[in-house]
């Protein structure tokens, strides 16, 4: 097919925009680790790898080597996630050409992945979810490429990539049933002498999965884990009067199906209030749900049965594992990889048997569904992480602490009270981070007596007894505005809270001076 300059330009612009949004916050305008990232950074550097295998062994091993060589800074710890995020954007056009004939479907698929807010934010996070999304997409690309070319080298590439990706993303197990069912059936029909290759590839994966089960999964109590996460994040069904298990499943499946339009939950525009703008989010969700349904119908109407197996079996597998209490279900950060499958299904709604659309008509779905809402209804452009994750900037807090508290010479250290969700972040930046620990560790050690508290209730009940009769203490907390105001209200008869000069706006942490 002859290269169309309009479509090529549109695709290039979308790809470049996706790369810019991933570079922002990583290559420049960088922000600090939040609790989960800092906790895992401490464990990565201090604990043996064998104790950290609840996360993928490949991801943790490579990151630890990089951290030992270059230091455990934010860019190093997040490097694999970021490279995978960049890889998703660069891979999307090639995968779209393998999956779709229609230019409209191709451009929509690329736009969804390039501008998806969770895919962007989690590519700047010390967690394996961006790597997982890339792993699923690259294996899908290699499998589809083999199905189209029937070249032996392409089959070998797919069979090697599948277990390797599993070392970096445990959720690759969701894709394996579809991959090997399709490869097995295809080789049985067309290349019978290669069936043994597919069986060998499946055997390798079985051994890898068995090793992970033996060393990790069998030590987890599925029922206890499922109940805990079910109550905390509603990612496992918890029996109750609200709805049945089937209704709960449909509600969470709908969230995944509409995930290509996830940005609508965070819309913000200068011409209207947030509530007014976000009132349109349910309408956007209904549109994406309809597109998802049309995409599934198109898979079968166009007789794309192999693609249907590759795309739909991951949903069936994760549903089964969720029912048995082994994997969360819904639009949760651990399930970022499902965005890739949902994007393919959504784009399939605009697929044709032949590429008949005019050059300008091919731009309409991506422009109307993704680009225009992004430009008109998003003011932040992923300036900070906030989609399925959090952001923080503890180095600013440390700078404020050192600036506003003189080093003691003939008096006791000043009490620094740290809330539970900030303790690990404080320890990472004061004792482990290559730059801030060198800059602040000694002075913080000399100046402050640090105490961590496990819960807001514990902090609130003991705070009056902690603040000295003369002088003051510092309170470093992630409690948020309403909780902090409630704390102030409860103790305003005995304590004075001064956070006007020290609050960190738009950050996870807040720094408050407390005195009698």
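A few points about this structure:
- Here the helices (runs of 4 or more DSSP H) wholly within segment 81-192 that include at least 1 residues being within 30 Å of residue 43 (Cβ to Cβ) and within 21 Å of the chain's Cα centre (by Cα) are 117-121, 129-149, 152-168.
- When each of 237, 253, 228 is tested for being assigned to a helix (DSSP H, G or I) and modelled with pLDDT of 80 or more, the lone residue that passes is 253.
- Filtering 55, 22 for residues that are under 16 Å from the mean Cα position of the chain (by Cα), assigned to a loop (DSSP other than H, G, I, E, B) and in contact (Cβ under 8 Å) with a residue 60 or more places away in the chain leaves a single hit, 55.
- Residue within segment 61-74 that is in a helix (DSSP H, G or I), under 19 Å from the mean Cα position of the chain (by Cα) and surrounded by 18 or more Cβ atoms within 10 Å (Cβ to Cβ) present: yes
- Selection within segment 31-49 - without any contact (Cβ under 8 Å) to a residue 40 or more places away in the chain and not in a helix (DSSP H, G or I): 47, 48
The values are calculated or read from the model by the stated rules, or taken from the named source; none is laboratory data. All figures in this text were calculated on a predicted structure; none of them were measured in a lab. So basically every Cβ, Gly included, is an ideal-geometry build from the backbone, and we count neighbours across all protein chains shown.
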